Each structure stands twice: as structure tokens, then as C-alpha cells.
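Laboratory data are not the source of any read-out in this text; all were calculated from the coordinates shown. Source: prediction; values computed, not measured.
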Amino acid sequence: MVVLATAAGCVPASPARGGVTGLTVNAEGRLTVVAAWCGLPPDGVIVYRRVNGDLVDQADVRAPKLSGSSASVDLERVTAGWSLASGDLDFQPGQRYMAGAYNRTTHVRMADVGFTHNTKRKITPGRVLVQDHGNEKEPDGVDVLISEAEFAARARREC
């Protein structure tokens, strides 16, 4: 699975779409961002939070040179090849965060996924959490757990 980060402060209002971002748990049980894309791979994953109605950058995790169509990055500990360009991964209880993979050159950003400090408790290995949108009563979307195969299929539909 692929995880990308957006550059801090580089969150366009209407980014071009080029894939999806989801959450899973890795073999160690840590919260992990996964991204699947078409076209150029992402440069990283941006994590942000809403403060008084504004989006505030939490962390910009830069990716190593990626190839293929998917990748993943641990959100609890930066792993080899990835780097924390800004911010931190200190997620606070009660705060909602959003994460999305991005490419700075093409301005493509994969569909975001929202989470809290406790989201990993909902996820089982081999499943990916995404949000389905379209319900006016749930502006942040409704959490849905899907298989890795369905996650890859969603990415293809976003392209």
C-alpha cells in the first residue's frame, strides 16, 4: 500500500485527484497511512487538523523515491526512507486529523482520510479504513472498512 504526504501549507482548495489515502495497522499494530495512486507517485503525506474552523498542518512526512502504484508509512514512528519534514506525530486524544498523500509537482492529492488517536482500535490487519461521503449529516464522511483489493479498486476509480 502507498502512503503519501502533502507538503506543509500546500493544501489546495480543489486539488486534482489521482488516488486515495486510507488507514490500516501494520504488523506491529501501529497506525499506518496507505496510499494508492495513478500517474506519478506521491512526494509524501500531509497530516492536518482543524482548529477554530481552520486547517492547521500537524506533520509533513516526505516519501523516499516511490514507484509502483501504492505505498504505506507508519504514523506512529517514521520508518527508514521516510522523513519528517515538519511538525510532529504526537496525536492528541479527542482531536480529529486528516491525512492525504500528495505530489508537489503535479499538485495531485489523493482523497484524504480522517482519524483520531483511537482509530486504530477499529482496524484489523488486512483491512483499510476510508470515508464514504455523500451524507449531509456526516460532513467528514462515514468510516468504512474495506479489503486491500477494494482499496486498490477505489484508487483506480479516482483516476
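Note on the chain: antiparallel DSSP beta bridges, both residues inside, total approximately 95 percent of the bridges counted. So what is the relative contact order of the range 19-158, in percent, for Cα pairs below 8 Å that sit 6 or more residues apart? Relative contact order comes out at 29 percent.
Whole-percent P(r), the range 19-158, all Cα pairs, 5 Å bins from 0: 2, 10, 20, 25, 23, 14, 5, 1, 0.
Across the range 52-65, coupling constants 3J(HN,Hα) worked out from phi with the 6.51/-1.76/1.60 Karplus curve, θ = phi - 60°, read 6, x, 9, 8, 10, 5, 9, 7, 10, 9, 8, 8, x, 4 Hz, and Gly and Pro carry x.
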